[in-house]
Every structure is written in C-alpha cells, then in structure tokens.
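Student: Dropping a structure here in structure tokens format, bear with me for questions.
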Amino acid sequence: QVQLVESGGGLVQPGGSLRLSCVASGLTFSNFGMNWYRQTPGKERELVAGIGNRGTTTYLDSVKGRFTISRDDANNTVYLHMANLKTEDTAVYYCKAALLTETYWGRGTQVTVSS
C-alpha cells in the first residue's frame, strides 16, 4: 500500500520560511518523479515544483527564486523549502508521486501566511 505523508505546514508571517516534507512508503521511491502542488478554495490544484528521478527540477513562475525542491532517496523523502513567503502562498500543499501511469497523492498540509 502506497502512502505519502506530508508535514511541516503551519502559520508563518509574510517574509518567513517553512520546510515541507513528504515521506513515501510502499513504492520504489527513486523511480518516481515527485511533485508539490497547492490548492486554495474554489481554485484548481496547481503544480508548484517538481523533481525528476534524476534530479531535474521545475517551478511555478511565481515561486522561482523563493522555493526549492529536493529529494532524499535514501529516506524516501521529498522536501519543499519555502522562503520569503507571501500571503498568496497560503494554500493546502500536496505531495504527488508519478511514474508513467502511476500517480499517488498525499492528504496535504496547510500553509497559512498571515501577519
């Protein structure tokens, strides 16, 4: 049974930082591309950052230079380090594992950026 468990969300002031973690189990982690998405009420889920199984990264334009995605294959974990957070970064952040037609999602972690 595949599980993705996110953690690290919370309340932070504008300009602050957070690091999200997603621990995967039940799959061969190193084979999968890993992604972070986010969603706010009434909006579609959007891709924030992705990292391929060889380390290639991609970012949403609005987070470039502020967010960094990384992976630790030895510990089946993908991270999203978020710096200089803005109120518009407030959302539920989801982890996704993808390999060809296989897709798995975590349950999400809430990030709230507010003063």
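The values are calculated or read from the model by the stated rules, or taken from the named source; none is laboratory data. Keep in mind the model is a prediction, meaning the values are calculated, not measured. Glycine gets a Cβ as well: all are built from the backbone with ideal geometry, and neighbour counts include every protein chain shown. Surface areas here come from the heavy atoms of the whole protein model, side chains and all, with no ligands, DNA or RNA. Shrake-Rupley method; radii C 1.70, N 1.55, O 1.52, S 1.80 Å.
Student: Out of all the residues in region 60-77, is one or more touching a Lys or Arg at 6+ places or on another chain (Cβ under 9 Å) and within 14 Å of Gly33 (Cβ to Cβ)?
Tutor: So far as region 60-77 goes, no, none of its residues is touching a Lys or Arg at 6+ places or on another chain (Cβ under 9 Å) and within 14 Å of Gly33 (Cβ to Cβ).
Student: Test Leu60 against the criterion of being under 14 Å from the mean Cα position of the chain (by Cα) and more than 21 Å from Val5 (Cα to Cα), and give yes or no.
Tutor: yes
Student: Glu44 is checked against (1) under 11 Å from the mean Cα position of the chain (by Cα); (2) closer than 21 Å to Val113 by Cβ and fails just one. What number does that condition carry?
Tutor: Only one criterion is unmet by Glu44, namely (1).
Student: OK, next. Which pairs have Cβ atoms under 8 Å, sit 6 or more apart or on different chains, and link a residue in region 12-32 that is closer than 17 Å to Tyr79 by Cα to one that is assigned to a helix (DSSP H, G or I) and modelled with pLDDT of 95 or more?
Tutor: Pairs found: Val23/Asn75; Phe29/Asp73; Ser30/Asp73.
Student: Under 8 Å by Cβ, and 6 or more places apart or on different chains, what pairs join a residue from region 55-70 that is more than 18 Å from Asn31 (Cβ to Cβ) with one that is among the acidic types (Asp, Glu) and in a strand (DSSP E or B)?
Tutor: From residues that are more than 18 Å from Asn31 (Cβ to Cβ), the pairs are Leu60/Glu46.
Student: Here is a follow-up. Could you look through region 63-115, keep only residues that are in a strand (DSSP E or B) and open to solvent by 70 Å² or more (accessible area, probe 1.4 Å), and pick out the one that is nearest to Gly16 (Cα to Cα)?
Tutor: Quick first cut of region 63-115, residues in a strand (DSSP E or B) only: 67-72, 77-82, 91-99, 102-105, 109-113.
Keeping just the survivors that are open to solvent by 70 Å² or more (accessible area, probe 1.4 Å) gives 68, 81, 102, 105, 110.
Values: Thr68: 14, His81: 11, Glu102: 35, Trp105: 27, Gln110: 15 Å.
Within region 63-115, the match that is nearest to Gly16 (Cα to Cα) is His81.
Student: Within region 23-50, take every residue that is in contact with a Phe, Trp or Tyr (Cβ under 9 Å, 6 or more places away or on another chain) and more than 19 Å from Thr90 (Cα to Cα) and give me the one that is surrounded by the most Cβ atoms within 10 Å (Cβ to Cβ). If you could, list the steps in order and put the result at the bottom.
Tutor: The initial filter retains those residues of region 23-50 that are in contact with a Phe, Trp or Tyr (Cβ under 9 Å, 6 or more places away or on another chain), namely 24, 26-27, 32, 35-39, 45-50.
In the following step, the residues that additionally are more than 19 Å from Thr90 (Cα to Cα) were identified as 24, 26-27, 32.
Numbers: Ala24: 22, Gly26: 12, Leu27: 17, Phe32: 25.
Applying the filter and picking the extreme gives Phe32.
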